[in-house]
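S.K.: Just dropping this structure here.
The values are calculated or read from the model by the stated rules, or taken from the named source; none is laboratory data. Quick caveat, the model's predicted, so the values are computed rather than measured. When we count neighbours, we look across all protein chains shown, and the Cβ atoms used for this are built from the backbone with ideal geometry, even at glycine.
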């Protein structure tokens, strides 16, 4: 919990949670990984799960996505990126989606196992 709390203090606008708020936004922002468990040195594929919107094969949508992986690497754009974590441990991964008018955010903690079996 300590790592999530610290991330919330540093990036409060980005790490607003993943719950849908009908008074503020028209859809919920969420994401998942395509496989588990996750290992260091192996690419992790992240899947954007925005409620009601299917990005598969449609990169010409009016939405832009920005990902922060929590490991000190550069931010990355794209709907369904892959990322390689060099070390095992817990990382807070954030997704920010902008539709030109509003910005929607989600953050989750992912666990990368310490070693590959």
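S.K.: Are any residues in region 81-116 surrounded by fewer than 20 Cβ atoms within 10 Å (Cβ to Cβ), at pLDDT 90 or above and not in a strand (DSSP E or B), and if so, which ones?
M.R.: Those that are surrounded by fewer than 20 Cβ atoms within 10 Å (Cβ to Cβ), at pLDDT 90 or above and not in a strand (DSSP E or B): 81, 86, 87, 88, 113.
S.K.: Something else: With modelled with pLDDT under 90 and either over 19 Å from residue 103 (Cβ atoms) or not in a loop (DSSP other than H, G, I, E, B) (or both) as the only criterion, which of 72, 57, 41, 52 stands out?
M.R.: 57
S.K.: Being without any contact (Cβ under 8 Å) to a residue 40 or more places away in the chain and farther than 15 Å from residue 77 by Cα is the filter; apply it to region 89-99 and report the residue that is farthest from the chain's Cα centre (by Cα).
M.R.: This residue is 89.
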